[in-house]
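Just so you know, all these numbers are worked out from the coordinates, no wet-lab data involved. The model shown is predicted, which means the values in this text are computed figures rather than measured ones.
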Amino acid sequence: MGLQRQSVQRTVDMLVNAGLVVTQDNPNHQRARLVLFTKKGRGVYAEAIAIQIGWANRTAASVPEADLRRAVHVLGALRASLEVRRKKTVKSSR
């Protein structure tokens with residue numbers, strides 16, 4: 001995803017301190033811990049998703065469905081292109 005480990009760790013630490021997530025050992029990786037929602041975190045996430053869905057529906061209400069489908073297609077293609085470029089950049093920096 002192109003995120004720096006330190007930035008992700010700071011975010012996880014803030015979420016842990018807020019009681020929204022917990023970490024636990026990852027059986028598939030010696031150093032990387034799993035990050036899991038707490039009950040409180042699941043509730044906050046569900047609220048945020050409900051707000052986002054309402055916003056997205058209101059925002060897209062006046063846009064024809066065909067235009068929305070095309071936009072999704074174009075954004076997907078752009079994301080794929082950026083991901084390929086990122087992977088090439090990571091490989092060349094090693």
The chain - percent relative contact order, Cα under 8 Å, separation 6 or more: 18 percent
Computed [θ] at 222 nm, helices only, for the chain once each DSSP H run of length n ≥ 4 contributes -39500 (n - 2.57): -23000 deg cm²/dmol
The chain: translational diffusion in µm²/s, Stokes-Einstein, Kirkwood Rh over Cα pairs, 20 °C, 1.002 mPa s: 127 µm²/s
Residues whose placed amide H lies under 5 Å from that of Thr38, excluding near-sequence neighbours: Val21, Val22
